[in-house]
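Quick notes on the structure that follows.
Since every read-out is calculated from the coordinates, none of them should be taken as a lab result. Keep in mind that what you see is a predicted model, and the values were worked out from it rather than measured. Please note: Cβ atoms are built from the backbone with ideal geometry, for glycine as well, and neighbour counts cover all protein chains shown.
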There are 2 protein chains.
Amino acid sequence: MVLIRALEQKILSEGQILPGEVLKVGSFLNQQIDTKLLKEMGEEIARLFRSNNVTKVLTIESSGIAIAFAAALAMGVPAVFAKKHSTSNLSGKVFSSKVFSYTHQQTYDVVVSSDYITSEDTVLIVDDFLAKGNALKGLIEIVEQAGANLAGCAIAIEKGFQGGGDSLREKGIRVESLAIIDKMTDDSLEFRPQ
Amino acid sequence: MVLIRALEQKILSEGQILPGEVLKVGSFLNQQIDTKLLKEMGEEIARLFRSNNVTKVLTIESSGIAIAFAAALAMGVPAVFAKKHSTSNLSGKVFSSKVFSYTHQQTYDVVVSSDYITSEDTVLIVDDFLAKGNALKGLIEIVEQAGANLAGCAIAIEKGFQGGGDSLREKGIRVESLAIIDKMTDDSLEFRPQ
C-alpha cells in the first residue's frame with residue numbers, strides 16, 4: 001500500500017501528459033529507471049503472485065525488461081523477454097504473435113525462442129504499461145502456444161480508461177496493476193481506488 | 001573471482017557458437033535472464049567501480065537493460081537506457097549518435113533525452129556484449145555531448161579477439177569485462193586469464 005501511494009505520487013509529480021492520451025514517465029520507469037522504486041515494485045508483484053508457483057516471468061522489449069527483471073529477481077525465477085522482430089541471433093523454433101502498437105501506429109511480430117517457455121512453466125506476464133492490452137494479448141498468445149500455464153499479468157501503470165485491462169479481467173485473466181489511471185485530462189490524473 | 005569463474009562456466013556450458021563469430025547466450029544473458037547470476041554480476045561491477053562516485057548507469061536497448069539495471073541497483077543510482085531510434089514518446093532535446101551494428105548490418109541512431117544525463121553526472125556505461133566496440137563508442141559520444149564525466153565501461157562478455165575493448169583501453173578508457181574471450185573456434189572458447 002505504501003508502495004502504491006509512492007508510485008502514484010511519483011506519477012503525479014514526474015509524469016507528463018502529452019497529446020494522444022500519452023503519459024510520459026521516462027524519468028523513472030522507461031527511459032531513466034529509478035532502480036530502488038522498481039526493486040520495490042518487483043517485490044510487490046512477487047507478493048501479489050506468491051501463491052502461484054510462478055516459474056518464469058515473460059515481458060516484451062524494451063521498456064518491460066527492467067520491471068520484469070525486478071519481479072523475477074524477487075520471485076527467484078528467470079525473466080524472458082520477447083523480441084519485437086526476428087533477429088539473426090534468434091535461431092531455431094520460436095513462438096510468435098502479431099501486435100499492433102497505437103503509440104507507433106504499426107504492427108510488429110513478437111517472438112520468443114521455444115527453448116525458454118515450455119508446457120512445464122507457470123508464466124507471469126509483466127509489463128510497464130497497459131492501455132488497450134494489445135501487447136498483453138500477444139504475450140498471452142505466446143504462453144498458449146507454449147502450452148504453459150498463465151498465472152496472470154502484472155503491470156506498473158494501467159490506463160484504465162482505455163479499457164484493455166478490464167476487458168482481459170472480464171475474460172477471467174488475473175490482471176494486477178500497481179497504479180490504475182481512470183481519468184486523464186490535459187492537466188490532471190485520477191487513480192482508481194485500490 | 002568466484003563470480004567470474006561461474007560466468008565462464010555458464011558461457012562454456014550454455015553458450016552456442018554460430019557462424020559469423022556469433023556467441024549466443026540467450027539462455028541466461030540476453031533473451032532469458034538468469035536473475036540471480038545477473039544480480040551478482042551487477043554487484044561485481046559495483047565493486048569494480050566503487051571508488052568512482054558513479055551517479056548514472058547508461059546502456060542501450062534492449063539486451064543491455066537487465067545487466068545495467070543490476071549494476072545500477074547495486075550502486076544505488078538510476079539506470080538510463082538509450083533508444084535505438086527516435087520515438088514519439090521521446091520529446092524535447094536529445095543527445096544522439098550513429099552506431100553501425102555488424103550483427104544486423106545496419107546503422108541506427110542512438111538517442112537519449114538530455115533530461116537524463118547532465119554535466120553534473122559521472123556515468124558508467126554498461127552493456128551485455130563488447131565486440132568491435134561500436135555501441136560503446138556511440139554511448140561514449142553521448143556522455144561527451146552531455147558534458148558528463150565518464151567513469152568507464154563495464155561489460156558482461158567481451159569478444160577480445162574482435163579488438164574493440166583493447167582499442168578503447170589504448171585510448172585511456174577504463175573497460176572492465178567480467179569475461180573476455182580471446183579465441184573462439186567452431187567448437188571451443190579460450191578465456192583471457194584475469
Distance between modelled label sites at residue B:188 and residue A:171, nm, 7 Å Cα→Cβ extension:
5.2
Integer Hz, Karplus 6.51/-1.76/1.60 couplings in order for segment B:98-113, x for Gly and Pro
10, 10, 9, 9, 5, 4, 9, 6, 8, 9, 10, 8, 10, 10, 10, 4
By average C-beta atoms within 10 angstrom, highest first, the peptides B:170-178, B:146-154
B:146-154, B:170-178
For residue B:6, which inter-copy label distances result when the label point lies 7 Å beyond Cα on the Cα-to-Cβ vector, reported in nm to one decimal and in ascending order?
2.6
Give the nm distances, rounded to one decimal, from residue A:171 to the matching residue in every other copy, measuring between label points 7 Å along Cα toward the beta carbon; shortest first.
4.8
To the nearest 20 Debye, how big is the dipole of segment B:106-176 about its Cα centre, given +1 on the beta carbon of each Lys and Arg and -1 on that of each Asp and Glu?
320
Report, to the nearest 10°, how far helix A:2-14 tilts away from the longest principal axis of the Cα atoms in chain A, using its own Cα long axis and a range of 0 to 90°.
70
Suppose every Lys and Arg Cβ carries +1 and every Asp and Glu Cβ carries -1, with no other charges. What dipole size does the protein assembly as shown come out with about its Cα centre, to the nearest 20 debye?
20
Could you give the dipole magnitude of chain A about its Cα centre, charging the beta-carbon of Lys and Arg +1 and that of Asp and Glu -1, in debye to the nearest 20?
220
If contacts are Cα pairs under 8 angstrom and at least 6 residues apart, what is the relative contact order of chain B in percent?
18
Relative to chain A, whose Cα atoms define the longest principal axis, helix A:134-146 and its Cα axis are tilted in degrees, nearest 10, by 20
Per DSSP H run of n ≥ 4, the term is -39500 (n - 2.57); total these for chain A, divide by its residue number, and report the mean residue ellipticity at 222 nm rounded to 500 deg cm²/dmol.
-9000 deg cm²/dmol
State the answer as a single residue: which of B:124, B:178, B:30 lies farthest towards the positive end of the charge dipole of chain B, with beta carbon charges of +1 for Lys and Arg and -1 for Asp and Glu, about the Cα centre.
B:124
Angle between chain A longest axis and helix A:65-75 axis [Cα atoms, degrees, rounded to 10]
80
At 7 angstrom along the Cα-to-beta-carbon line, where would the label on residue A:76 sit relative to the other copies? Give the distances in nm, shortest first.
2.7
